[in-house]
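What follows is calculated from the coordinates using simple rules that are stated; it is not laboratory data. These numbers come from a predicted model, not from an experiment. Every residue, glycine as well, gets a Cβ built from its backbone with ideal geometry; the counts of neighbours run over all protein chains shown.
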Amino acid sequence: MRTVYCDNNATTAVAPEVLDVMLPYFKDLYGNPSSMHTFGGQLHRQVEEARAKVAALIGADPEEIIFTSCGTESDNTALMSAVELQPGKRHIVTTRVEHPAVLSFCRHLARKGHRVTYLPVDHLGRLDRDAFRKAVDDETAVVSIMYANNETGVIFPVAELGQVLRERKVLFHTDAVQAVGKLPLNVKELPVDMLSLSGHKLHAAKGVGVLYVRKGTRFYPYIIGGHQEHGRRAGTENVASIIGLGKACEIARARLREEEDRVSRLRGRLEQTLLAHCPDAQINGDPASRLPNTTNLSFRYVEGEAILLRLNEHGICASSGSACTSGSLEPSHVLRAMGIPFTAIHGSIRFSLSRYTSEADIDTVIEVMPPIIRELRALSPYGRESIGHL
Amino acid sequence: MWDYTDKVKELFLHPKNVGEIEHPDAVGEVGSMVCGDALKLFLRIDRATDRILDARFQTFGCASAIASSTALTELIKGRTLDEALTISNRDIAAYLGGLPREKMHCSVMGREALEAAVANYRGLKAPSAAKEGMVCQCFEVTEEKIRKVVLENRLTTVTEVTDYTKAGGGCGSCLPRIEELLREIWSVKPTELPREKKKLTALQKIALIQDVLEKEVRPLLQADGGDMELIDIDGHRVIIALRKMCVECPMGGVTLQNIEEKLRELVDEKITVEAG
């Protein structure tokens, strides 16, 4: 059975060109870039080349790029550095819809005595700007607001928020894990002090992330040990993955515009057809400001896990905000923050596309999905009720 | 991805006994759309013998909820109501070759639908319809239900109660109440401890430390899936190793601090706790 992979916000396929440049580092070139001998030391140059390519994708200087092990480490590091260096400031501002890498870390800091403000969003997932302006005070150590939401794809006005924070001299971090490689993004024009990205979300391998730290921003390392990354992140470099990430960024930079258009058209066809063929369905998230690859749809009266497992029978990979898929009994915190009714959250499905998504993939989903929804609704005691009823 | 048995997958993809019965003799409805799963059971009953002639269902929920509904209807068809009522949620889970721990509440929902249908047939009030005694507001779980499921399945931890009934799985504000209920059900009285700290011999002190750890500390850690082990006592130094969930818990340091506070309060102010 052919796999139809529509879960690219979870992880992406490693690009063939990326794999090609990585392979030698698993075999012949296994040295340690910190070694004095040429065999290992020569890898240092390759790592620096990769750093330059990553920097180029986001308009940074290479020395502003710190390689980490993943997006979560980048997020944790940014927040930890901010609070470590400003012991007098005990307040953090973030949003209710952040990724757990930020949200859980903020809860951890709250247990240690920090005050955390979680900014609300409206029914379309848009940030409450008034709440944002009111939340920041003299005690605020750092504001961490994601660039784009992983579940709904909703994009936050990071440039505008950053401008406010720059004037008020408050440190600003953005989790741009879902945005980098999908949207053009340039830190020269974006007033952020720190930015996180993750390799495996843009067709590089798992096990490598990046924390961008703007020149002049005070920084305190989270992982302490050797002198790697100029003492800013200890631990022997994940050479193969770093070099792969360099290649992935190079490709993303060259193809971004064209892919953005193509993927966005596919997404449009997918969601418009599904909405037309499945009654009682809705888009979750602001259609005017979303990542081009993401659609989050709610199908009322059916449960998300059941939909996913039926899709799975057809080789289609997607994800859901339903409680049953979360490992806990809690449905998606993002959709709940948006005030989406539980009846719609339980039946929410996210399709996230990539440069490898084909017209044929979309055809398959469009063909398979409506009968699945019909069949599951036929099983459901709520199948014949109208939206107005609940 | 949940680790479902082949039986669960089969009965999810090809459910049996789906749909309504026209003019049913009994209907049992449990759960709600807000909670994330709901089951409506229809029965055709031979009034002379009380035998279930046909059973059908409509279910809103995940794969295990749909499979549990098929299991329930297959298990009760052909039985008398009294025979059917001997079927427990564990029988439903067993029919499916087992359910993931977090999904046991689906089997409980099956058993509840049966009770509701029988109550409906006999003209009684549905057992879970009562609003009083609500412990978990998020998932509308009553104290009565928790007590019943705890006894039937011999549940001892709060996590288990959540897996089987969903209680405490939402906002979590009822977790202390569930803990209290468990203590009550299994008659674990809070340890009676000496009010005044007497001068203890070294041996008495060791015994008291062990007692406090056993009765005061471990049950709390176990409730969160963790545990600890006493490694050594060296004068005022108590060496402890965290086990299970506590090992990976980022709050491990806080846990050790709390244990230290407890021992200082109840045994000796000079005690220090270290990780072993």
Can you bin region B:202-275 into rounded, prolate or oblate? Criterion: square roots of the alpha carbon gyration tensor eigenvalues sorted a ≥ b ≥ c, rounded for a/c under 1.5, prolate for a/b above b/c, oblate for the rest. prolate
Taking square-rooted eigenvalues a ≥ b ≥ c of the alpha carbon gyration tensor, is region A:143-221 rounded, prolate or oblate, where a/c under 1.5 means rounded and, failing that, a/b exceeding b/c means prolate? oblate
Volume per residue (Å³) of the convex hull spanned by the alpha carbons of chain B is 151 Å³
From the phi of every residue in region B:79-84, what ³J(HN,Hα) in whole Hz does the Karplus formula 6.51 cos²θ - 1.76 cosθ + 1.60 yield, where θ is phi - 60° and glycine or proline is x? 9, 6, 4, 5, 5, 4
Using a cut-off of 12 Å between beta-carbons, work out the net charge of the residues near A:HIS173 (Lys and Arg +1, Asp and Glu -1, A:HIS173 not included). -3
For region A:118-208, which GluC sites (Glu not before Pro) pass both filters: DSSP loop (anything but H, G, I, E, B) and at most 12 other C-beta atoms within 10 Å? A:GLU189
What list do you get for B:CYS249, A:CYS106, A:CYS6 if you sort them by fewest beta carbons within 10 Å? B:CYS249, A:CYS106, A:CYS6
Residues meeting the amide H criterion for A:VAL4 (H placed from the backbone, H to H distance under 5 Å, 5 or more places apart or on another chain) are A:ILE316, A:CYS317
Considering Cα pairs under 8 angstrom that are at least six residues apart, work out the relative contact order of chain B and quote it in whole percent. 12 percent
Please give the Cα centre distance for region A:50-66 versus region A:123-145, rounded to the nearest Å. 28 Å
How large is the charge dipole for the protein assembly as shown, taken about the Cα centre, if only the Cβ atoms of Lys, Arg (+1) and Asp, Glu (-1) carry charge, to the nearest 20 debye? 700 debye
Which ³J(HN,Hα) values in Hz, rounded to whole numbers, follow from the phi angles of region A:169-185 under the Karplus curve 6.51 cos²θ - 1.76 cosθ + 1.60, where θ = phi - 60° and Gly and Pro get x? 6, 10, 4, 10, 10, 10, 8, 9, 4, 8, 9, 5, x, 9, 10, x, 8
Inter-centroid distance (Cα atoms) of region B:17-55 relative to region B:257-276, Å: 57 Å
Considering amide H positions built from the backbone, and no H for Pro or chain starts, which residues 5 or more places from A:PHE172, or on another chain, come under 5 Å of its amide H? A:VAL143, A:ASP193, A:MET194
Calc'd 3J(HN,Hα), region A:105-122, phi into Karplus 6.51 cos²θ - 1.76 cosθ + 1.60 (θ = phi - 60°), Hz, glycine/Pro = x, comes to 5, 5, 5, 4, 5, 5, 5, 8, x, 7, 9, 10, 9, 9, 6, x, 10, 8
Efficiency of FRET from Cβ geometry, B:ARG79 and A:ASP137, R₀ 51 Å, rounded to 0.05: 0.15
Can you list, largest first and rounded to whole Å, the semi-axes you get for the protein assembly as shown by taking the square root of 5 times each eigenvalue of its Cα gyration tensor? 46, 38, 22
Determine, for A:TYR147, A:TYR118, A:TYR220, the number of other Cβ atoms within 10 Å of each Cβ, and report the residues in order from fewest to most. A:TYR220, A:TYR118, A:TYR147
Inter-chain Cβ neighbour average for residues B:57-69, partner chain, 10 Å: 6
Using +1 at the C-beta of Lys and Arg and -1 at the C-beta of Asp and Glu, which of B:LEU81, A:CYS324, A:ASN149 has the Cα lying farthest in the positive direction of the dipole of the protein assembly as shown? A:ASN149
Of the beta bridges DSSP finds with both residues in region A:122-215, what % are antiparallel, to the nearest 5? 45 percent
Rounded to the nearest 5, the percent of antiparallel DSSP beta bridges in chain A equals 55 percent
Taking only Cα atoms, what is the 0 to 90° angle, nearest 10, from helix A:158-167's long axis to the longest principal axis of chain A? 50 degrees
What value, in deg cm²/dmol to 500, does the helix sum -39500 (n - 2.57) over DSSP H runs of n ≥ 4 give at 222 nm once divided by the residues of chain A? -12500 deg cm²/dmol
Looking at chain A, which Cys residues are left with no other cysteine's beta carbon under 4.7 Å from theirs? A:CYS6, A:CYS70, A:CYS106, A:CYS249, A:CYS278, A:CYS317
A:ASP128 versus A:ASN32: modelled label distance in nm, points set 7 Å from Cα along the beta carbon direction: 5.2 nm
What is the set of long-range amide H partners of A:LEU291 at a cut-off below 5 Å, with H atoms built 1.01 Å from backbone N? A:VAL154, A:ILE155
Per-residue mean of C-beta atoms belonging to partner chains within 10 Å, peptide A:307-314: 3
Under the rule of -39500 (n - 2.57) per DSSP H run of 4 or more residues, summed and divided by the residues of chain B, what mean residue ellipticity at 222 nm is obtained, to the nearest 500 deg cm²/dmol? -12500 deg cm²/dmol
Give the residue from B:ILE21, B:ALA48, B:LEU203 lying farthest towards the positive end of the charge dipole for the protein assembly as shown; charges sit on Cβ (+1 for Lys and Arg, -1 for Asp and Glu) and the dipole is referred to the Cα centre. B:LEU203
Between exposed trypsin sites (Lys or Arg not before Pro) in chain A, where DSSP calls loop and at most 12 other Cβ atoms lie within 10 Å, what's the longest gap? A:219-383
Mean separation of Cα contacts under 8 Å (at least 6 apart) over the residue count of region B:6-121, i.e. the relative contact order in percent, is 31 percent
Arrange A:CYS317, B:CYS171, A:CYS324, B:CYS35 by Cβ neighbour counts within 10 Å, fewest through most, would you? B:CYS171, A:CYS317, B:CYS35, A:CYS324
Tell me which lysines have Cα within less than 17 Å of A:LYS53's Cα, excluding those fewer than 8 residues away on the same chain? A:LYS182, A:LYS188, A:LYS201, A:LYS247
Which of rounded, prolate, oblate describes region B:48-95, given a ≥ b ≥ c as roots of the alpha-carbon gyration tensor eigenvalues and a/c under 1.5 marking rounded, otherwise prolate only if a/b is larger than b/c? oblate
Excluding the sites themselves, what is the longest stretch of chain B that contains no GluC sites (Glu not before Pro) in a DSSP loop with at most 14 other C-beta atoms within 10 Å? B:23-131
How much of the DSSP beta bridge set in the protein assembly as shown is antiparallel, as a percent to the nearest 5? 70 percent
With region B:6-121 reduced to its Cα atoms and the Debye formula applied, log10 I(q)/I(0) at q = 0.15 1/Å amounts to -0.55
Would you work out the relative contact order for chain A, in percent, from Cα pairs under 8 angstrom that are 6 or more residues apart? 22 percent
Nearest-0.05 FRET efficiency for A:LEU85 and B:TRP186 at R0 = 60 Å, using Cβ-Cβ distance, is 0.75
Two-site FRET efficiency, B:CYS171 against B:ARG101, from Cβ-Cβ distance with R₀ of 25 Å, rounded to 0.05: 0.70
